[in-house]
Structures are given as structure tokens and as C-alpha cells.
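Worksheet: the structure to be examined is printed underneath.
Every number in this text was worked out from the coordinates using simple rules, so none of it is lab data. Worth saying up front: this structure is predicted, and the values here are computed from it rather than measured. Note that we place each Cβ from the backbone using ideal geometry, even for glycine, and neighbour counts take in every protein chain shown.
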Amino acid sequence: MSLGPIMVDLAGTELTTDERERLRNPLVGGVILFSRNYESPQQLMDLTRTIHAVRQPPLIITVDHEGGRVQRFREGFTALPACGRIGELYAKDPARSRELAFDTGFVMAAELLVHGVDMSFAPVLDLASGVCAVIGDRAFHEAPPVVAELARRYILGMTRAGMAACGKHFPGHGGVVGDSHKELPVDKRPLADLAASDLIPFAQLAAPVLAAIMPAHVLYPAVDSEPAGFSQVWLQDILRKQQRFSGVIFSDDLSMVGAHGAGDLAARARKALAAGCDVVLACNDPAGADHLLTALVGYENPLSQGRLARLRGRSGWADPAALYADEPYQAARTRLKAFL
């Protein structure tokens, strides 16, 4: 059985009978975890082991675990700094800022992998413009070259641990006031302005280092009449062709209000897949997810299936005890704790 184009979520800390059945559907390719799915490190390991055992090849397990206020697992995991705090250090000590970016990506990825999570949707490549509160200190810096530099180090840390990286939110969510969880933000800047600012980190990192990218539920009317996540212009003409990106394109959560203009959940999924997304996220709506699985019966994209399979995590540690005894991990964790 191959990995399908739909990523779903779970209600609690254990799989229910209905969820187990849902995960066996061939249209499902992965699971995204939230704070509600976490109780303790051992519980997380039991849950991920159960999810991976549901079918073959195992589903991809993901989470939003960037650092700062977006860190789903807390107790038993290292507290990670917000990327904006790392960027603040850059003006005074760029070498240490780069080191901390690497350490954050490395420790984050190592701890998730050893507990059975394949991938974190990180890092944020948006610019810290001071305009968008939902991005805020999730962004490294306001200067595109600094964002690209620190994100590259963060990604290198993830890669060293054995985890693929996902840059978000293409082509840049930092220049709008609105929160796409609650509305459809509109960025009226022309493409030339975006190319000279927000697009730079994506352009520098898309082809060489990113295994996945997540587009924003943001409308850029000077470029296309569709929000980025539903736009062939953004996803195929610009991201695939101009930036030569060949990895996985994940939709952002289709339950967000910024996606509602495309219709019901099934219509949103069809539109995102037609625009060029490989995988669509359907969260916080189990009935809608089941309807979506029925609506997409027969859908298949072998190229997307191959891309998704390459995101499986590769932990270099047999268990948490082996990780905690690892000297590079200990050193990175010590530096992060001193910084915080």
C-alpha cells in the first residue's frame, strides 16, 4: 500500500477504533500530532509505534515543533528558543546566532525522531516585518539574507539528526496583518516587491536544502486571483519551475478560515491538489476527513507518493537513553539551556 495525499489528526493520546480504521485508508499518507496528543515521552513513543504499525509502508508522523510558542511537546522535551530570539542575537554575535540556530534544529529533530516522530513542519522562512502577529517571533529576522542564513543552519541541524525540513509559509506570510487561521489575509504587493524581499529565503533554500514546503493561506492579488495554496501560478510556475523545487508541497491546514473560500473540505482538497500540492492537511474535523476520504476515492499521484516516502525520519539513536548519552546532543542542549 502506498502513501496517500491526505494527512489527518487524532483526538487524544491513544488511537481510537475509528481512527485506526481511518489510518488504514489508502488515501491517508500521514498523521499530524498536536499538544492534545501528548502526555509524556513514553506515551508518545507508544502512540507513534502504534501509528507506524497500522500499515506498511508506515505512515509519516509530523508535528509543529518550531521552538518558542510553537512547541507541541513540553514536559520531558528540551525547551527550544523562538527563532526570533536567535535572530536578535545576530547583530551582536552572528557566529553564536548561527550556532544556536544549528543547535535548535538538531536538538528539536533528534528528540522527535527518537520518540518516533518523522518530521517537524519547520523552519519558518517568513520575514519578521513586525506586521503579522501570528508570525511574530517565529520568524528569524526582518532581513531576507539573515533569514536564509539562519534557516540554513537550523536545517543543517535537522539534517544532522536525520530529519527532513519543511519551509513555511511560501511565498511569505510576514507582510500581512491578518491571521489565516481566522481570515484570508491579502498582500497587495506586486511580484517584483515580493521577489526582492519575502521570496528570497525560499529562492535560496528551496532547491538545495528543503525537502518540503508549505504555502500560505494568503492571497496575493497582483500575482494571482487564488490564495497561494490553491494557485498553480505560485506552486507550479514560480515554486516548481522558477525556483526548481522538487520536494513535497504540503497544504496548510484546510480547516483554517483562510482556506474556506475554496468551498467545503473536499472542494478545498481537490483545488489544492490540482494546484500542485502533494499532500493536504485535514485537521480538527474527523467527519469532514471521512467525507474527504470518500470524495477522493480513485485519486492517485505516483510522483507525490514517491516524494512523501522520502520524508521518513532516520534517527541515529536506538532509544532516548542513547540520545541523552550522546556528546554532541549534550553539548547542543547545554548551549540552548544557557541561552534561555
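P(r) for the range 77-195, from all Cα pairs and a bin width of 10 Å, is 14, 43, 31, 11, 0 %, short bins first.
Over the range 253-340, all Cα pairs binned in 10 Å intervals from 0 give whole-percent P(r) values of 13, 30, 18, 20, 18, 0, listed from short to long.
Counted by Cβ distance under 11 Å from Arg20, the other residues give a net charge of -1, where Lys and Arg count +1 and Asp and Glu count -1.
Beta bridges per DSSP, both residues in the chain: antiparallel share near 10 percent. As a size descriptor, the averaged projected area of the C-alpha convex hull of the chain was calculated at 15.2 nm². Can you tell me which lysines have their Cα less than 19 Å from the Cα of Lys182? Leave out same-chain residues fewer than eight positions away. Within the straight-line cut-off, Lys182 pairs with Lys168. Within the chain, helices built from complete DSSP H runs that reach 24 Å or longer along their own axis (Cα positions) and carry a mean Kyte-Doolittle hydropathy of -1.0 or higher are 94-114, 144-161.
Here the calculated FRET efficiency for Arg49 and Ala338, from their Cβ-Cβ distance with R0 = 45 Å, stands at 0.85, rounded to the nearest 0.05.
On full extension, the segment bounded by Val131 and Ala192 gains 20.0 nm, given 0.36 nm per residue less the C-alpha separation. Calculate I(q)/I(0) for the range 140-217 by the Debye formula, one identical point scatterer on each C-alpha and no solvent, and give its log10 at q = 0.18, 0.22, 0.27 Å⁻¹ to two decimals. Cα-only, vacuum Debye calculation for the range 140-217: -0.76, -1.04, -1.32.
Go through the range 1-80 and name the GluC sites (Glu not before Pro) that are in a DSSP coil and have 15 or fewer other Cβ atoms within 10 Å of their Cβ. Taking the range 1-80 and a limit of 15 other Cβ atoms within 10 Å, the loop GluC sites (Glu not before Pro) found are Glu14, Glu75.
Averaging the Cα positions of each part gives two centres, and for the range 133-149 and the range 1-21 these lie 33 Å apart. For the pair Val257 and Asn284, the difference between a 0.36 nm per residue extended length and the Cα-Cα distance amounts to 8.5 nm.
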